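In what follows, a structure is listed as structure tokens, so that the remarks can point back to it.
What follows is calculated from the coordinates using simple rules that are stated; it is not laboratory data. Just so we're clear, the structure is a prediction, and the values are computed from it rather than from any experiment. When we count neighbours, we look across all protein chains shown, and the Cβ atoms used for this are built from the backbone with ideal geometry, even at glycine.
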Amino acid sequence: MAQKLDLLKESPSQTAGPYVHIGCTPNFSGISGVYPEDLGSALVNDKTKGERITVRGQVFDGTGTPLKDALIEIWQADATGLYPSRNETRGKADPNFTGWGRSPGDMETGEFVFETVKPGRVPFADGRAQAPHITFWVVARGINVGLHTRMYFEDEADANAEDPLLARIEHQVRVPTLIAQKTGTGEYRFDIRLQGEGETIFFDI
Amino acid sequence: MSGEDTARAGSFFQRDRLWHPPAYTRDYKTSVARSPRLALISAANTLSEMTGPVFGHDMLGPADDDLLTNFAKPGEMAIGQRIIVYGRVLDETGRGVPDCLIEVWQANAGGRYRHGKETYDAPLDPNFGGCGRMITGPDGSYRFRTVKPGPYPWPNRVNDWRPAHIHFSLFGHAFAQRLITQMYFEGDPLIALCPIVNTIPSSEAVDTLVAALDMANTQPMDARAYKFDIVLRGRRATRFENRGEGS
């Protein structure tokens, strides 16, 4: 017998269930008066620096049906590539940018919308620059462990081509599932497919 | 940043996917069409995963941690068994995680959620909203007051009932630690029958989600206490971490 490591096990995940919006976006659920506003509803304000963008999309199940009970969160760097986080040691991020957004999706269509800024480039573990990207986290009824993925930008082809994470994906045919389409000036669309044809790449990070 | 944070600023311990539920769990039917079929792509942590949003204690309202009153009319309270749920948020090294945002949501004492898509006939409680939130203290501790939620039937197999449970959403200090889970109550016979509980592969792991009745922290003649500790991913020390060339 060797010595014990005395490490704890992470609490096992359980599905967010059909009522995640009660806890995370109660005002959206019609439970008003408990919190003044739903957390994560605004990433930017009038003073936020950078190029304003709008990201829209839906989450589809394996039958092609859009989810209407998901909760989608994003986390991203500011326009200069700094995270507004206590673990950011490279500098101070834009104080008018939260970096974190949360959307319950539209009640009828499930479409999520984020008004944000285009993120700057952030270094990979070895110091190389990653292409601009937004981290997505999707939870819902039927999702047992929250799914992490990333959104990259169609109009950043050069940066995408040298992105260290994208480069090491074995099935390059799947990389387009991570790239948002540009649908207008400052407008992007990023659909997430949980299963089946065009299944989005999800990461174990 | 404190010295301890600097020492523990490395990448996160790998998530143990054999301890967590798999994505595809046949007996929890909704997972069948919502589970990726292809393997997750393993990726080393970058700053994008090792950072996370910051929530200040000043964002909390005075009754955010009191589900008995935070939706109730003035002078009234939610109906049900009064309980205090308390514990600590720890990481896998056993350290308390301070400044962690916890959001909770639950059914009322009759097992009914306040939600437009809820179909169960049990009555709404006009004084119960069902959500609460808190931010952990310097040692990772938290506490809230609520009613014990009722079990309820749900459409899965013909006659499935959820055990009494409270949903927990947790932010650690990094997006890699983001976690949603559920707390169950000691002694509930429905735990063993639940297809959602049983998405978790081992009974040892299930046991870590069952809060213990704690008479020592019960408020006599007022509210019983349940203790529930939650563990988030731990992280490596940076001192000998291989960062590769040019960094």
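Looking only at the stretch A:162-197, residues that are closer than 25 Å to residue A:124 by Cβ and without any contact (Cβ under 8 Å) to a residue 12 or more places away in the chain come to 7 in all.
Of all residues in the stretch B:163-181, those being more than 7 Å from chain A (Cβ to nearest Cβ) and of a type in the set (A, V, I, L, M) number 3.
Residue pairs whose Cβ atoms lie under 6 Å apart, sitting 6 or more positions apart in sequence or on different chains, and linking a residue in the stretch A:65-92 that is more than 19 Å from residue A:150 (Cα to Cα) to a partner that is assigned to a loop (DSSP other than H, G, I, E, B) and among the charged types (D, E, K, R), are A:69/A:141. Of the residues making up the stretch A:117-135, those that are more than 10 Å from chain B (Cβ to nearest Cβ) and part of a loop (DSSP other than H, G, I, E, B) are A:118, A:120, A:121, A:131, A:132. Checking the stretch B:191-201 against the condition returns a match, with at least one residue being free of Cβ contacts under 8 Å to residues at least 40 places away in the same chain and over 24 Å from residue B:87 (Cβ atoms). Strands (runs of 3 or more DSSP E) fully within the stretch A:136-205 that include at least 1 residues being loosely packed, with under 15 Cβ neighbours inside 10 Å and not small (Gly, Ala, Ser): A:179-184, A:187-189. Note on the stretch B:30-66: among residues that are facing chain A (nearest Cβ under 8 Å) and among the charged types (D, E, K, R), the one that is nearest to residue A:90 (Cα to Cα) is B:49.
Just one residue in the set B:91, B:139, B:125, B:160 is away from every other protein chain (no Cβ under 12 Å) and within 30 Å of residue A:84 (Cα to Cα); that residue is B:139.
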